[in-house]
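The values are calculated or read from the model by the stated rules, or taken from the named source; none is laboratory data. All values reported here derive from a predicted model rather than from experimental measurement. Remember, those area values only see protein heavy atoms, side chains included, never the ligands or the DNA or RNA. Shrake-Rupley method; radii C 1.70, N 1.55, O 1.52, S 1.80 Å.
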Amino acid sequence: MPVKWQGWLTICIYIIVLGAIATNVDRHSHSVSDTLIGISAPFVICTAIFLALCFWKGEKLHWNWGDPRKK
């Protein structure tokens, strides 16, 4: 979960962009399969950009094996 407002803003923008893409694709498609095919590539691209941004600007990953002395 994000701690700062910038993280929350990033998540909100990600959700709004995906919603806008889904609405736009659904408006111009003729069937459910057209909608799923049209949404899949933008979804993958937006998610890859979102995850790259999270790894670049977010807290670094580390293993925590349950030992309270290791932080």
Assuming 0.36 nm per residue, please report the length gained on full extension of the stretch A48 to N24 beyond their Cα-Cα distance. 6.6 nm
Pop out the carbon and sulfur fraction of the accessible area of the chain as a percent, whole number, probe 1.4 Å. 71 percent
Length added when fully stretched, L9-W56, from 0.36 nm per residue minus Cα-Cα: 15.3 nm
Per residue, how much accessible area does the stretch 19-71 have with a 1.4 Å probe, in Å²? 91 Å²
Compactness of the chain - radius of gyration and Dmax, Cα, Å: 17.2, 58
